[in-house]
1. From the helices alone, meaning DSSP H stretches of at least four residues, give me the mean residue ellipticity at 222 nm for the chain, per-run term -39500 (n - 2.57), in deg cm²/dmol to the nearest 500.
2. For residue 144, which sequence-distant residues (separation of 5 or more, or a different chain) have an amide H within less than 5 Å of its own amide H, given hydrogens modelled in the peptide plane?
3. If you work out Cα extents along the principal axes in Å from the coordinates, which of [x] 63, 55, 32; [y] 63, 47, 36; [z] 50, 42, 41 do you get?
4. Considering amide H positions built from the backbone, and no H for Pro or chain starts, which residues 5 or more places from residue 244, or on another chain, come under 5 Å of its amide H?
5. Search the structure for amide H atoms under 5 Å from the amide H of residue 139, placed 1.01 Å from N in the peptide plane, and list their residues when 5 or more places away or on another chain.
6. Along the charge dipole of the range 207-308, which of 239, 264, 306 sits closest to the positive end, that is, farthest toward it, with unit charges on the beta carbon of Lys, Arg, Asp and Glu (+1, +1, -1, -1)?
7. Which one of 89, 242, 101 has the biggest mean-square fluctuation once the chain is modelled by GNM with Cα springs under 10 Å?
8. For the range 201-281, which GluC sites (Glu not before Pro) are both in a DSSP coil and crowded by at most 16 other Cβ atoms within 10 Å?
Amino acid sequence: MTLDTTAPASAFFGARADLPLAESRIVLFGAPHGTPYPEFSNEALAGTAATLRRALTHDAGWAHHWDFDLGRPLDDDGSLAFLDAGDLKTASLDGAGNREKIQAATGAILQAGAVPIMIGGDDSVPIPFIEALAPLGPLTIVQVDAHIDWRDERRGEKYGFSSTMRRASEMAHVERIVQVGIRGLGSAMQEEVQIAETWGAEIVTAREIHRHGIEAALEHVPAGANCLITLDCDALDPSIMKAVVAPTPGGLTYTQAIELIHGVAAKARLRAFDMIEFIPERDPDGLSALTAARIVVNAVGAIRSSHR
């Protein structure tokens, strides 16, 4: 069993590009394109996965070194079994085709018994990713984002980046949605907030996290639940993450983001992770890429802990 991807120039930190899918426990892949809007080109996000791989090139051989974020080395005993499968062969304007490729790749990873990690791409790429997680059974989504993404359609497109949680709410296997880091205008009209709350979504604003800590979000995650964390880089404060479409003051810190990831993994089963909406061209000094890549490393470590 193989994935229809382009091999990475160099594998993500701690991963191997030559590991057979059947022997992998965690599989990372890039999804450069999702479902575009006529007025928004998602091409600016196409190089995200490659950029995050490069951000940790200097540390590439150190997965066995002590990592103080994890409290241990990422690969302490050589059994990590982490595959970097490269990037899907998506195309900027082929929304339907891109969704099909994302869903097929995710399904193949699950069938192999591994945990998928997807690097987008804009915030439309999680829609087919979430849909493909149906075989896991009832799913809790922890969305870490500045925006709630409950719009039914935008300019006739129902699968674009404004509708991610609305589409997820329509999937039979999605039983809970916890939205963390919401702030500012939140990309929402009043009726969309009402629809989200009526469905049962738990909206935890960034102010609540700053006031009460990550427990304000974790209290809504059922113990033992199958969880997906989908993390939009604009959830982070612009002081540490400038490389996004819509920087918004008051976002989460790096420490809050990784504490949330580890907190979910400790309380529930972290069955999938995705990171989206990082724009490489808006990160001239590379510090935002380093921040994003380190969050992915923490997700890998949390997944490994959650499945031991």
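The values are calculated or read from the model by the stated rules, or taken from the named source; none is laboratory data. Computed from a prediction, not measured in an experiment: that's the story for all the values here. All Cβ positions, even for glycine, are placed from backbone atoms using ideal geometry, and neighbour counts span all protein chains on display. For the accessible areas, the whole protein counts, side chains as well, though only heavy atoms, and no ligand, DNA or RNA atoms are used. Shrake-Rupley method; radii C 1.70, N 1.55, O 1.52, S 1.80 Å.
1. Values: 9 runs with 93 residues, N = 308.
Taken over the chain, the calculation gives -9000 deg cm²/dmol.
2. 180, 230, 231, 232
3. After the calculation, the listed value that fits is [z].
4. So residue 244 has HN proximity to 279.
5. Amide H to amide H, under 5 Å and 5 or more residues apart or across chains, residue 139 pairs with 174, 175, 176.
6. Positive-most Cα among the choices belongs to 306.
7. 89
8. On the way: sites: 202, 208, 215, 219, 259, 277, 281; in loops: 219, 277.
Here the GluC sites (Glu not before Pro) that fit, given the DSSP loop and packing criteria, are 219.
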